[in-house]
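Taking it in order: structure first as structure tokens, then the write-up.
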Amino acid sequence: MDFQQALTFVFKDEDWIKKILLGALISLIPIFGQFALVGYMLAVIRNVKNDEPRPLPEWNEAVQYFVEGLKSWVVNLVYSLPVVVLSCPLMLIGFLPMFAGSNEDVMAILAGVSGVVALLLSIPAMLYGLVLALLSPVLLIRLAETGEIPACLRVREIVRYTFANIGPIIIALLIIMAAALVVIAPAAVLTFGLLAYPAAVWINVAFGPLLGQIAKQADQAAAA
């Protein structure tokens, strides 16, 4: 995987300034902008995987990007349902000590019980959250490849794909998180927030080539 290419390919497009600034402006539009930015990243994934000579797309299909971003949100919502199911008892457990009334001894016991139960419930929730973080790049790849929500809901295929490419996926996630820490915060502080949105767009777009390379390598491995 060429990490340097993923982080610098944006600047090889002669219109990169226009595209990044336009993306930053679009991202300011509530709801529409956030979904469109995800859809734009999906287009980057497709272009990189297909070896397009200019992988940085134009923004003339912003509505289509919004639709694809909306699909990604639906997929993530479905995969997040187990976390929601586990979180609901956690919220209810917090009210358990209230049933003790004015009895401080019973209240202390119920508080201890609620703490233990909350800890036991939070552990699987955190573990599932970690698994979901590893699955998320594959969900983006699959959506970029097919454009179909059902293709992302074939859990067995998604899990198999993830663990077959677990090394590159973890590295890609670490690189993009490190790049976000190094770029977005300084850009926001040093320019009084002016470059925070363009920097965020660049980070979002840079994730596309990483995933596009993973998708291309996975296809090559499957064909071998």
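The values are calculated or read from the model by the stated rules, or taken from the named source; none is laboratory data. Quantities reported herein were computed from a predicted structural model and do not represent experimental measurements. As a convention, Cβ positions derive from the backbone with ideal geometry for all residues, glycine included, and neighbour counts pool all protein chains shown. The area values use the complete protein model at the heavy-atom level, side chains included, leaving out ligands, DNA and RNA. Shrake-Rupley method; radii C 1.70, N 1.55, O 1.52, S 1.80 Å.
Calculate, for Arg54 and Phe163, the FRET efficiency according to 1/(1 + (r/R0)^6) with r their C-beta to C-beta distance and R0 41 Å; round to the nearest 0.05. Let's see the in-between values first.
Working: r = 33 Å, r/R0 = 0.81.
The computed FRET efficiency comes out at 0.80.
Can you compute the modelled spin-label distance between Thr8 and Ile149, with each label point 7 Å from Cα toward Cβ, in nm?
Label at Thr8, label at Ile149, 4.1 nm between them.
Could you sort the peptides 208-217, 147-156, 26-35 by per-residue average Cβ neighbour count (10 Å cutoff), highest mean leading?
208-217, 26-35, 147-156
Per residue, how large is the accessible surface of the range 15-68? Use a 1.4 angstrom probe and give square angstrom.
50
Would you calculate the separation in nanometres between label points at Gln220 and Val85, each defined as 7 Å from the Cα along the Cα-to-beta-carbon direction?
Placing both labels 7 Å beyond Cα along the Cβ direction yields 4.0 nm.
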